Structure formats: structure tokens, C-alpha cells
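This report refers to the structure that appears directly beneath it.
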Amino acid sequence: MSPLCECCSEHMNKLNQQVSVMRKEIKNLRQTLDGAIRAHRKQLLAVQAAVSKIGLSEEVKAPAPTPPSPPSPAALERGDIQTVPIGYISSCFSVKNGTPRQPTICGPSRAELRIQPSVFNNPEHALVGLEQYSHVWIIFLFHKNGHLSYKAKVRPPRLNGQRVGVYSTRSPHRPNALGLTLAKLDKIHGHHRPRFKFLRSTEEAVAAIRGVLSADPRSVYRRTRCKDRLFFFTLDTADITCWFGQGFAEVLQVKPVEPHIASV
């Protein structure tokens, strides 16, 4: 093969530069589209929250699910699976910021799982014998992950921007958006309410805050580009303001959560 002339070589270099620019533009368009999808999702959630505050009853917010009819064998073979929520869970973490990625990071944290009574004719029978166990596995749905789509590769915060396959991570942005967590069974029926909604004492709240900060809940962007910025998260009924320095985190303020956040 004969070598390219100077004119052809210059033309090829220009084409390569144009292709590189086009790839960058396509990448920027994809990022813009993803941002628009996330913004649209947040707007929908904000509208739903505003509508719920107008005067809708609790039954309208969390309607009792109707038990699905048993699927046919043919439907199971096709993979047509219909599910119905058996309950709804709420925890001391009401927003995304500060929520631990693993249950063992913040041991003092508490949550409450309310079983829907309409799933069974005798719902109390479904809990018989559960008190004999110390832990339970909970399969749940990521209903507020903020995405309408998912990607085959993601950037986990712990890998500092490295792209890996979604199935090798704990990313909630995955097909079917199902999650699995191990929870310690505290009690089945509670009779008293502490000062906090989920935590039992101030000591548990302090331990929970330390557990959250020790795991550095900031995203890669905040750790690498916003080290001098404040970080906010909500724990139970408290809003925490902290600041991350070089190798340490300092709590600047702890105040009661705002009513509009507590009602979420």
C-alpha cells in the first residue's frame, strides 16, 4: 500500500478531528437528555406532593392494593409476573442525601414496615412465628430513584468515576428497580413513641450521625470538586448541616426537620 500524500494526510486529520468533535457533541446531548429526564421526574414528584397536600386522604396517598389473581402456568413460563405491595416502609432517612449504602454502616438507624391488611383475609396470621427470628430479608422497589431509564454501565461513587457494568454494582438504576436488604427485627407491635420518630434516644442519634459521616456519603462530584462546600442530610426528625475537611467531618448545625419534609 502506497503512503498517503501530504494533501490526503491533512484531509484525514481534519476528518478525524471532526469525528472527535461529533462524538463529544453526542456525549453532551446524551448528558443533556439524561438531565432533562431527571428534571422531568423531579417535577412530576413535586406535582404529586403538591396535590397530596391539597386535602387528599391517607387512603388516596397509599391505596390498599387489590390482591392479584393467581397467574396461569403459561404466564409464568412467559415471565409475565404480576406483583402487589405487601406493605410500605418508612425510615429515619427521609431524603437521599446521607442515606447509607449498606445497612451495617449505620446500626442505630430505625425503620417501620407497615403490612397492608388487604393482602390476606387474616393479615395477623401472616406474622405468626416471625418474633422467633432476629433478622428479616426485605425485597423492595426503588420507587424514587429519579430515573425513567437505565444504562448498562454506571459510575459508582466508590470507584471515583470508573465505569463498570450495572450488575456488578449496587446501583438502584437497573431493570425492574428491585432491591434487597437485611434488617434486624426489633419488634412487631410497638406501643410507645420516643422523642424521635424512629431513633430511641439522643445517644442513638449521635451514633447514627457518626455512622453516616464515617462512610462519607458525598458523591464523587462533591468529593472531588466541592470539598469546601457544605453537606446537608436528614436523619429522623433532624436536619444536619456538616462540613468535610481533609480527613474529617464537622457537624455545624442540628435542627428540627421542616414540616414539609417531615410529611413526605
| message | Could you sort the peptides 242-255, 161-174, 199-212, 120-133 by per-residue average Cβ neighbour count (10 Å cutoff), highest mean leading? | response | 199-212, 161-174, 242-255, 120-133
| remark: Using alpha-carbon positions, the gyration tensor of the stretch 151-249 gives root eigenvalues a ≥ b ≥ c; with a/c under 1.5 called rounded, otherwise prolate if a/b exceeds b/c, else oblate, the class is oblate
| field | Cβ-Cβ FRET estimate between residue 9 and residue 149, R0 fixed at 41 Å, reported to 0.05 | value | 0.45
| request: Could you tell me the convex hull volume per residue, in Å³, taken over the Cα atoms of the stretch 84-184? | output: 129 Å³
| Can you list the HN-Hα couplings for the stretch 18-34, worked out from phi with the Karplus curve (6.51, -1.76, 1.60; θ = phi - 60°), rounded to whole Hz and with x for Gly and Pro? | 5, 5, 4, 5, 5, 5, 5, 5, 4, 4, 5, 5, 5, 5, 5, 5, 4
| message | Distance cut-off 26 Å, Cα to Cα: go down the list 153/197; 96/184; 96/153; 14/153; 96/197; 24/144 and report the pairs above it. | response | 153/197; 14/153; 24/144
| request: Compute the FRET efficiency between residue 19 and residue 177 as 1/(1 + (r/R0)^6), taking r as their Cβ-Cβ distance and R0 = 35 Å, and round to the nearest 0.05. | output: 0.45
| message | Can you give me the distance in nm between label points at residue 36 and residue 136, each placed 7 Å from the Cα along the Cα-to-Cβ direction? | response | 4.4 nm
| note | Counting sequence-distant residues (5 or more places) and residues on other chains, those with an amide H built under 5 Å from that of residue 235 are 240
| query | Any idea of residue 186's accessible area? Nearest 10 Å², probe 1.4 Å. | reply | 80 Å²
| field | Residues residue 167 and residue 82, FRET efficiency given R0 of 25 Å [Cβ-Cβ distance, rounded to 0.05] | value | 0.55
| Mind listing the phi-derived Karplus ³J(HN,Hα) values for the stretch 85-97, rounded to whole Hz, using 6.51, -1.76 and 1.60 with θ = phi - 60°, and x for any glycine or proline? | x, 8, x, 10, 10, 9, 9, 6, 9, 8, 10, 5, 4
| Could you give the length gained on full extension between residue 101 and residue 203, defined as 0.36 nm per residue of separation minus the Cα-Cα distance, in nm? | 34.5 nm
| field | the stretch 202-256 shape via C-alpha gyration tensor axes, a/c threshold 1.5 | value | prolate
| query | So how far apart, in nm, are the two label points at residue 251 and residue 111 if each is 7 Å from Cα heading toward Cβ? | reply | 2.2 nm
| request: Find how much the distance from residue 222 to residue 189 grows on full extension, using 0.36 nm per residue of separation minus their present alpha carbon separation; answer in nm with one decimal. | output: 7.8 nm
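The values are calculated or read from the model by the stated rules, or taken from the named source; none is laboratory data. Remember, it's a predicted structure, so these values are computed and weren't measured experimentally. Heads up, the Cβs are rebuilt from the backbone with ideal geometry, glycines too, and the neighbour counts pull from every protein chain shown. Just so you know, the surface numbers come from the protein's heavy atoms only, side chains and all, with ligands and any DNA or RNA stripped out. Shrake-Rupley method; radii C 1.70, N 1.55, O 1.52, S 1.80 Å.
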